[in-house]
Each structure stands twice: as C-alpha cells, then as structure tokens.
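The values are calculated or read from the model by the stated rules, or taken from the named source; none is laboratory data. Just so you know, these numbers come straight off a predicted model, no measurement behind them. All Cβ positions, glycine included, derive from the backbone under ideal geometry; neighbour counts span all protein chains shown. Note: accessible area is taken over every heavy atom of the protein model, side chains too, but ligands, DNA and RNA are not part of it. Shrake-Rupley method; radii C 1.70, N 1.55, O 1.52, S 1.80 Å.
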Amino acid sequence: MRTLPRHFFVTGTDTSVGKTTVTVRLMQQLVAQGLTVIGMKPVASGCEWRDGRWQNDDVLQLTAASNVSAPPELINPYCFEPAIAPHIAAAQAGVEIDFNVIQAAYTQLATMADVVIVEGAGGLLVPLNASQTIADLIQALNLPALLVVGMRLGCINHALLTAQVLKQRNIDFCGWVANSIDPQMSRPQENLQTLIEGLQQPPLLEVPFQESLH
C-alpha cells in the first residue's frame, strides 16, 4: 500500500467487477495509516432521488469511507437516473459530460485531502461523451491507473487488453487488485498466476468473494 501514489484512478476490466468494493477497501487501509482520504466518482449512472438530489449507492459508499467531508457536487459531478452507459444516460438527460467540470472538482478535492481516489465507470474505453472515454479522463486528470480485475472466466483477456491500452496511452500503471467475483471460478490460482505473469507484477490485494458486495 505504501507504494501507491498520492492520488490515483481506479478502473476495471469491465462493469460489475467490484471497483467500489476495492476502492473502499483501499480507502480504509489508507485511513488506517493516518492519511486523510476522499473518494471521488465523477460520473455515476443508476441513481435515485434522495434528500433533494440524485444519489448513487457507489458514491454513498465512497462518501462513507472518506474521512474528510466534501460537497457532494465535487465528489460526484454527474449523476444519472438510469443504470445504462454514461454517455447514453447523459444524452437522455440532455447533458454533455464536460471534463472541465470534472477537472475543477478534482482539483478542489486534491487540496482537501492527502489522498484522492477517483473511481471510473465500467471499463477503460467506456464513452463519456461523443468523443471522450474513461481513458481520456484519466489522461486529462493526469493520474496513474490502478486496475481492478474481476476474477472470472475471461478476466485474463480483459486485463491484458486494458493493460495494453494503458501502455499505448502512456498512462502510468500503478498496480492491480484481484477481486474474486465468481466463487465457482475454475482454476483460480492458475488464472491468478497467468495474470501475474501477463501484468508483470503481483496484485496489491487479493479480495476474497463477498456475496453481499456483488
């Protein structure tokens, strides 16, 4: 954990691979080290109207794990009701996701805590608007990327493709987490070893299957 950069971006091999579960776990460990930590989710889809604003369960988990209070509009600048691809949800709401808004929010958060962990939506090439993806957002924020690998059939291909795109985009790869999301996965240790060899490093964390969190 001490090798992690001050601020970083959490992306995943796909949607529903446990990015929020892992981000919260990392936040808790950093808080335990005596650091001030804020979790940020720039774009969230799948929201409910509560307490006078759209709220998302992932964002609520990140907020609960943070040990610094920050305005919700900084933690989650874009929140859309339907649980669909962000650029489609934004278009349906008549909104264009603007990286300047996200960058301004992140810059403010970075002045408020020792660590800001930014969680993406879906995988690396998920579109956020007509021309920009999660990968573009990582580059715009100038953050290194930590990859959450959802340990299930197909994860090797998804992980290596993601690592290849990070390399092509010159995005620093600051580590990965093996998150067990399929308790019935065949040959998990062999898959883990293949990922270690392919990603050229062991995982920072191995998170066991937790049914309540998936």
Residue-span extension gain [Gln29 to Ala140] - 0.36 nm each, minus C-alpha spacing: 37.3 nm
Share of antiparallel DSSP beta bridges in the range 38-179, in percent to the nearest 5? 25
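Please calculate how many Å² of accessible area the chain carries per residue, with a 1.4 Å probe and no DNA, RNA or ligand atoms counted.
47
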Choose one answer from Glu197, Glu81, Glu96: the residue with the largest mean-square fluctuation in a GNM of the chain with alpha-carbon springs under 10 Å. Glu197
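Whenever you get a sec, compute what percent of the accessible area on the range 5-53 sits on carbon and sulfur atoms (1.4 Å probe).
Working: 860 of 1840 Å².
Within the range 5-53, the accessible surface is 46 percent carbon and sulfur.
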Based on the Cβ-Cβ distance from Thr194 to Glu73, what FRET efficiency comes out when R0 is 45 Å, to the nearest 0.05? 0.60
What distance in nm separates the two pseudo spin-label positions at Ser16 and Asn157, each 7 Å out from Cα along the beta-carbon direction? 1.8
Determine the share of the range 89-214's accessible area contributed by carbon and sulfur atoms, expressed in whole percent, with a 1.4 angstrom probe. 48
Using a Gaussian network model of the chain with C-alpha springs under 10 Å, which one of Thr20, Thr162, Thr111 is most mobile by mean-square fluctuation? Thr111
